[in-house]
Amino acid sequence: MSKELCFVIDQISREKGISRDALLNVLEAALLSAVRKKFGGRTNIDLRISPKNCDIQVFETKQVVESAVNKDEEISLEKAQELFPDKNIGDTVEIPIPLQDFGRIAAQTAKQVIFQKVKEAERDIIYDEYKDKVGQVISGTVLRKERGNYYIGLAKTEAFLPQKETLPIENLKRGDIVKAYLSEVKLTPKGPSIILSRTDPRFVVSLFKMEVPEIHDGIVVIKGIAREPGERTKIAVSSKDSSIDAVGACVGMKGTRVQSIVRELRGERIDIIPWSDDPRIFVARALTPATVDRVGINEEEKTAMVIADDQQLSLAIGKRGQNIKLATRLTGWEIDIISESEYSKLKMDEADKSLDEALKKESEKPSEE
């Protein structure tokens, strides 16, 4: 029996990835539960399994007394010394119980408990493995789609990719290999729930860390990001080394690095912005792909007024105002923008108003007699 038990434990350990010691502890607890149930729940029944050869020992612990009254928990001094000559009153003794007394019910109970414990151990292993991967990008295979949501197969389990966390333009199919950001791992009654996202801005940050060695090594730093999933992302970068161009490092030779990320994001456009601690410069750069020359700021209200060439105005604002919204989120400054012609008209209107006021004051002066 011991050899068979060792074989089963070793097999489960290999297949389920559970340590041998953990399985032995689970088995001890399971068998102890079954034995105690057979003996009416007596807590002085104990069990040990030898780690070396899986030999099972069941015993009851009794206290040595002059004359036993409670025979389940006490043993007379006379009988105790027949088994253990060195024992005296007040000592405890461990008396072996034959294994054949387990019975069919006890064995069935042990089997059920072992199954449950192994299942719990598997859940704990999966939880411990993936909770340490929160914030990383992981790859998996699309298994199925239920109620509009995707289930992604990982190495030992499956993850949940909600429909709202997928890109608007993508339709994943069974068997597709997909990358996603591991945003959350939580324990539920059914086991660990692993939540993935492809819309989280941190997904793009993680992809850049994977593609750009300078970011991974901390030489190039991502200072901020603003994203409209599936459409456009703006990312601000700076370099700690003056000899390394932050934007160039992110773009890569002939655009290979950034294009790899764009492909993963199904064609999402990416604007890589050189970060500046001068808000005027940073706001102007954030409006890429438009080119603007003049930016005025109000530091107290943290607002910026941008004057753009008439031909650049629509580009700076973007479709449905998307470009200026992303620039506002990236910089943290509330941005208003007007065209050069509109600004010139405002200046002319202000000049005319000032002239009118001056003429009015002049006309109100008393005439000299």
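A few remarks follow.
- For a 4.7 Å threshold on C-beta separation, the list of partnerless cysteines in the chain reads Cys250.
- Put simply, when 153-161, 314-322, 196-204 are sorted by average Cβ atoms within 10 angstrom per residue, most first, you get 196-204, 153-161, 314-322.
- The chain, relative contact order in percent, only Cα pairs under 8 angstrom and at least six apart counted: 8 percent
- Entry note, segment 136-197: relative contact order of 36 percent, from Cα contacts under 8 Å with a spacing of 6+ residues.
- When DSSP beta bridges are restricted to pairs lying wholly in the chain, around 75% turn out antiparallel.
- Computed from the C-beta positions of Ile281 and Ser183, the FRET efficiency with R₀ = 41 Å rounds to 0.75.
- Taking 7 Å steps out from each Cα toward its Cβ at Asp21 and Asn88 produces label points 3.8 nm apart.
- Structure-based [θ]222 nm, the chain - -39500 (n - 2.57) summed over DSSP H runs of at least 4, per residue, nearest 500: -13000 deg cm²/dmol
- Placing +1 on each Lys and Arg Cβ and -1 on each Asp and Glu Cβ, with no other charges, gives the chain a dipole about its Cα centre of roughly 2100 debye.
- Taking segment 213-238 and a reference point 7 angstrom along Cα→Cβ of Arg320, the backbone N atoms nearer than 13 Å belong to 228-232.
- Selection from Ile49, Ala236, Val295 lying farthest towards where the dipole of the chain points positive, charges on Cβ: Ile49
- Summing Cβ point charges (Lys, Arg +1; Asp, Glu -1) relative to the Cα centre of segment 76-229 gives a dipole of roughly 980 debye.
- Computed on the Cα trace of segment 200-275, the radius of gyration divided by the Kirkwood hydrodynamic radius gives Rg/Rh = 0.93.
- The residues packed around Lys240, meaning those with a beta-carbon under 13 Å from its beta-carbon, carry a net charge of -3 if Lys and Arg are +1 and Asp and Glu are -1.
- Estimated D of segment 240-336 in µm² per second, where Rh is the Kirkwood radius over Cα pairs and Stokes-Einstein applies at 4 °C, 1.567 mPa s: 89 µm²/s
- For the pair Glu300 and Arg123, label points projected 7 Å from Cα toward Cβ lie 5.9 nm apart.
- Ranked Ser341, Ser76, criterion: other C-beta atoms within 10 Å, fewest first: Ser341, Ser76
- Highest-first packing order for the peptide set 77-87, 18-28 is 18-28, 77-87, based on the mean count of other beta carbon atoms within 10 Å.
- With R₀ fixed at 30 Å, the C-beta to C-beta distance from Thr291 to Arg202 puts the FRET efficiency at about 0.50.
- Rg(Cα) / (2.2 N^0.38 Å) computed for segment 2-122, rounded to two decimals: 1.24
- Inter-label distance, nm, simple model (7 Å from Cα along the C-beta direction), Lys37/Ile95: 2.5 nm
- Fraction of the pair-distance distribution of the chain above 31 Å, Cα-Cα pairs, percent: 63 percent
None of the figures in this text is laboratory data; all of them are computed from the coordinates on show. Because the structure is predicted, anything quoted here is derived from the model rather than measured. No Cβ is skipped: glycine too gets one built from the backbone with ideal geometry, and neighbour counts run over all protein chains shown.
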